[in-house]
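Just below is one structure, and these are the notes that go with it.
Bear in mind that the values in this text are calculations on the coordinates, not laboratory data. Only a predicted model underlies this, so the values are computations on that prediction, with no experimental measurement involved. All Cβ positions, glycine included, derive from the backbone under ideal geometry; neighbour counts span all protein chains shown.
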Amino acid sequence: MRNKSMCYLKFFLKNNLFVGLVFFSTACSVFVEEAEIPSDAVIAVVNGDEITVGSHRNEIKFLMRQYRVTKRDSLAVEEKLVLKIKGLNRLIRNNLLIQEANSRKIFLDRNEFEVAILEVKNGYEGDSFEEFLKDEGISSELWENRLKNSLLIKKFINIKFNTKDPDDETRARAYYEVHKESFKVGMMVHAFHIMVATEDESRLAQKAIKSKKKNFSEVARVYSLAPESDIGGDLGYFEISQMPDEFGSILKLKKNQISETIKTPYGYHIFKVIDVKAARQMSFSESKKTIYDKFSREKQSVKFEQWLLNLKNNSKIKINENVLSKFSL
């Protein structure tokens, strides 16, 4: 197991330069028995700023959700190691970037933060977003702090690595004309979804919806087997052409209308349509931000990675390998 785990680790580190440079020395000490380490124990210090086991566990919680890991016990030793290293790497990276933003007096104003919160919560019915956080074991304070840090880091990177040049407008127009097909949008539907295994369960779900004692999202949380049930069945916007033929009847639904039960090889489905947008060709004006972002990402990537590596090399980063190797997920 140790040899196999070490091979897995070396592959992971080889393909993640920043992680490898910072944490390779911890590899030999990770394969020890886990222990209960206090949440306030310090796992790393970045230029004087402490990172605790508690904040590391929270980061791992987000990573597990990102990788759709529901049970810690199902993880192999090497998978737990990757989560630990990846989580700590992300925390150290974010700390470095936030420190840089603060030193350059780049801050997030209240309006930017509030607009971002509204964008995230858009599409959730009633208290379904708060219920989603509760189900995930994430406090509102933790979620807001994480969002705030993410927005600040993005703002800092955009300001420091603003790579727009006078020729971008001409290049963008040329790119748009050549790739015009890429900027066509099919009919878009914003829908919520419930999937159950049997016809009897679909009847129960329909009955619960029609009783109006629970809204559609609440019924989805109770009955649906689909992955998005945790967020009230919200599928977001999608092109109807991307859906299986069996779901063609969704096209006939009006806003806030609920479908009859649709039977497919996967189960029984119920949809609620929230919004419908007709197919159309996006104008250059609508498309240019996407094109500019593409140009910017391409230019930023190399510059940012080199700058981040230099920043790391000139920072005082201390890892408590003993805590890293022993604390349990």
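Quick look at the numbers
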| item | result |
| --- | --- |
| Structure-based [θ]222 nm, the chain - -39500 (n - 2.57) summed over DSSP H runs of at least 4, per residue, nearest 500 | -17000 deg cm²/dmol |
| Relative contact order (percent, whole number), the range 187-278, Cα cutoff 8 Å, 6+ residue spacing | 43 percent |
| Net charge of Cβ neighbours under 14 Å - reference Asp135; Lys, Arg +1; Asp, Glu -1 | -4 |
| Mean Cα-pair separation over length for the chain, i.e. relative contact order, pairs under 8 Å, 6 or more apart, % | 26 percent |
| Most mobile listed residue (Val69, Val196, Val219) in the chain, GNM with C-alpha springs under 10 Å | Val69 |
| Filtered chymotrypsin sites (Phe, Trp or Tyr not before Pro), the range 260-291: DSSP coil and at most 16 other beta carbons within 10 Å | Tyr266 |
| The range 78-231: radius of gyration over Cα atoms, expressed as a fraction of 2.2 N^0.38 Å | 1.47 |
| Sparsely packed trypsin sites (Lys or Arg not before Pro) within the range 231-329, loop by DSSP, other Cβ within 10 Å at most 15 | Lys254, Lys255, Lys316 |
| Whole-Å semi-axes of the ellipsoid equivalent to the range 71-161 (Cα gyration tensor, √5λ, descending) | 26, 23, 9 |
| Centroid-to-centroid separation of the range 226-244 and the range 144-222 [C-alpha atoms, Å] | 10 Å |
| For the range 118-231: relative contact order, % (alpha-carbon pairs under 8 angstrom, 6 or more apart) | 29 percent |
| Angle in degrees between helix 2-14 and the longest Cα principal axis of the chain, rounded to the nearest 10 | 80 degrees |
| Whole-Hz ³J(HN,Hα) from phi, Karplus 6.51 cos²θ - 1.76 cosθ + 1.60, for the range 101-110, glycine and proline x | 4, 5, 5, 9, 6, 9, 10, 9, 7, 4 |
| Environment charge at Ala44 (Cβ cut-off 13 Å; Lys +1, Arg +1, Asp -1, Glu -1) | +2 |
| Nonlocal amide H pairs with Ile43, under 5 Å, H built at 1.01 Å | Ile51, Thr52, Val53 |
| Stokes-Einstein diffusion coefficient of the chain, Kirkwood radius over Cα pairs, 4 °C, 1.567 mPa s, in µm²/s | 55 µm²/s |
| Net charge over other residues, Cβ less than 12 angstrom from the Cβ of Gln281 (K, R count +1; D, E count -1) | +1 |
| Whether the range 187-278 is rounded, prolate or oblate, judged on the alpha carbon gyration tensor where a/c under 1.5 counts as rounded | prolate |
| The chain: angle of helix 199-211 to the longest principal axis, Cα-based, in degrees nearest 10 | 80 degrees |
